[in-house]
Amino acid sequence: MRFGVAALALILTGCHKAPEKVVVPEVFRVKFETSQGDFIVEAHRDWAPRGVDRFHELLRIRYFDQGRFFRVIKGFIAQFGVHKDFKVHDVWRELFIVDDPPKEKNVRGTLAYAKSDRNTRATEIFINLADNAILDEQGFVPFAKVIEGMDVVDRLYAGYGDLRPVGKDIDAGRVEGEANEYLVPRFPRLDYIRRATFVP
């Protein structure tokens, strides 16, 4: 399905304006302006059409702007995709999309959605910081890749490490439930997305 779930999200958030119908390009690029600098991502519908359609949808509503890279593990992944406002995230985190069959590998620079089980992809995305074959085995499906600025991604602050209980600092439940209200004052060194925009 080429059209997203924006209608449901708008209803749930109290806005009843009908969503515009948008045909997602087969390939498009996105510029992420971050606290470490800029990088550019190229998305491919033929890799994962449902994942790319959701990515395009989230970009159109500026979902990622001011969001933190809240899980950065050197040599593994950098994760983002929790909206700055926990009330907005609370709606979207439940709007799951059906899994795409895997076509590409989780190699360095590719992007895939985080998930907890089958058909649980929603908004959270990670960038592979290395070739992660184990994530192929676990069913994580790449839908895009960093084509410029991977050095910027490598500089994202990783000092807080993994989420609890593996790590010792950041509580995953509070990230989901409180978003920036939890992250910003307690973990000031986290890098973040200033804005993410389509490249013409």
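The values are calculated or read from the model by the stated rules, or taken from the named source; none is laboratory data. Just so it is clear, the model here is predicted, and its values are computed rather than measured. Neighbour counts are summed over all protein chains in view; Cβ atoms, including those assigned to glycine, are modelled from backbone coordinates with ideal geometry. Only protein heavy atoms, including side chains, enter the accessible area calculation; ligands, DNA and RNA are left aside. Shrake-Rupley method; radii C 1.70, N 1.55, O 1.52, S 1.80 Å.
Report in % the part of the accessible area of the chain that belongs to carbon and sulfur, leaving out ligands and nucleic acids; probe 1.4 Å. Mind dumping the intermediate values first?
Numbers: 5200 of 9820 Å².
Heavy-atom surface of the chain belonging to carbon and sulfur, 1.4 Å probe: 53 percent.
Spin-label point model (7 Å from Cα, Cβ direction): what's the K103 to K74 distance in nm?
According to this spin-label approximation, the distance is 3.6 nm.
Once you put a point 7 Å from the Cα of R186 and another 7 Å from the Cα of Q66, both along the Cβ direction, what distance in nm separates them?
In this crude spin-label approximation the distance works out to 1.9 nm.
Compute the Cα gyration tensor for the range 102-192, then decide on rounded, prolate or oblate, letting a ≥ b ≥ c be the square roots of its eigenvalues: rounded whenever a/c is under 1.5, prolate when a/b is larger than b/c in the other cases, and oblate in all that remain. Could you put the intermediate results ahead of the total?
Working: a/c = 2.01, a/b = 1.37, b/c = 1.47.
Oblate, since a/c reaches 1.5 and b/c is not below a/b.
Apply 1/(1 + (r/R0)^6) to the Cβ-Cβ distance of D154 and V23, taking R0 = 35 Å, and write down the FRET efficiency to the nearest 0.05. Intermediate values should be presented prior to the final figure.
Numbers: r = 34 Å, r/R0 = 0.98.
It comes to 0.50.
So, with +1 on the Cβ of K and R and -1 on the Cβ of D and E, and no other charges, what is the size of the charge dipole of the range 47-194 about its Cα centre, to the nearest 20 debye? Write down the numbers at each step before the final one.
Numbers: 24 positive and 24 negative charges, 45 e Å.
Dipole magnitude for the range 47-194 comes out near 220 debye.
Among V107, G177, L135, which residue has its Cα furthest toward the positive end of the charge dipole of the chain, with +1 on Lys/Arg Cβ and -1 on Asp/Glu Cβ?
Of the listed residues, the answer is G177.
Any idea of the accessible area per residue across the chain, 1.4 Å probe, to the nearest Å²?
On the way: 9820 Å² over 200 residues.
Using a 1.4 Å probe on heavy atoms only, each residue of the chain averages 49 Å².
Rounded to the nearest 500, what is the chain's calculated 222 nm mean residue ellipticity when only DSSP H runs of at least 4 contribute -39500 (n - 2.57) each, over all residues?
Rounded to the nearest 500, it is -6500 deg cm²/dmol.
Going 7 Å from the Cα of K87 toward and past its Cβ, which residues in the range 160-200 have a backbone nitrogen under 15 Å from where you end up?
Flagged as within label range: 178-181.
Can you classify the chain as rounded, prolate or oblate using the Cα gyration tensor, where a ≥ b ≥ c are the square roots of its eigenvalues, rounded means a/c under 1.5, and otherwise it's prolate if a/b beats b/c and oblate if not?
rounded
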